[in-house]
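Quick note: the coordinates plus some simple rules give every number you see, no bench work behind them. Model, not experiment: these values are computed from the prediction. FYI the Cβ positions are ideal-geometry reconstructions off the backbone, even for glycines, and counts take in every protein chain you see.
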Amino acid sequence: MQDLSQETMKGTTTIGLVFKEGVILATERRATMGYLVASKKAKKVYQIADRIGMTTAGGVGDAQQLARIMTVECSLYQIRRGKPISVEASSTLLSNYLNQNRFYPYYVQLLVGGVDTTGPGIYSVDAMGGATREEEIVATGSGSPMAYGVLEDRYRTEMGEQEAVDLAVRALRAAMRRDIASGEDINVVVITKDKYEEFKVENGQKHPISASA
């Protein structure tokens, strides 16, 4: 019998894309430990600032700790400087933190996306602290090859909000059909200059989770 005591609970797949007015962040909700489905309700997208979200793929414990750290650091930035942190600054902050811990790395692959005074933006951040600005689309995790197939085929610049949401959901479903580590429900976050809205998609229906205006 497989020894699960040494297994780390892991989560994939996540997607980010830029549309005409903002950013879409989307994830499925399965977490695995080896071949065991450890959770069907894993949270993989977190609001770390007023108009910034972070998606997580990789070790669930590491991801949750980083989400807590980033939420606090972004709040402190606003208190100290009297203005909201930018998407670029938040990704740089996260990158620096991960790089400082590279000898005992966090087992994660992260997306930081949102809207600030310069417009919408998404950054991909790896476990060693490398941060890359993604201009259009990005996917992380074991289901990303399947997701990229859909995203690269159907993405276009100047997409509207609903079209972008539909594309993100379609790409996630493609990953969920072929990747054993991806499955269950879908969480979507829509970020524009006017809102941070999160909802889940079940059986083709939207169910609001939270909204910040």
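Determine the dipole magnitude for the chain: charges of +1 sit on the beta-carbon of Lys and Arg, -1 on that of Asp and Glu, nothing else is charged, the reference point is the Cα centre, and the result goes in debye to the nearest 20. Can you show the working numbers first?
On the way: 25 positive and 26 negative charges, 81 e Å.
Computed charge dipole of the chain: roughly 400 debye.
Over the alpha-carbon set of the stretch 10-212, work out the extent along each principal axis and list the three values in angstrom, largest first.
45, 40, 28
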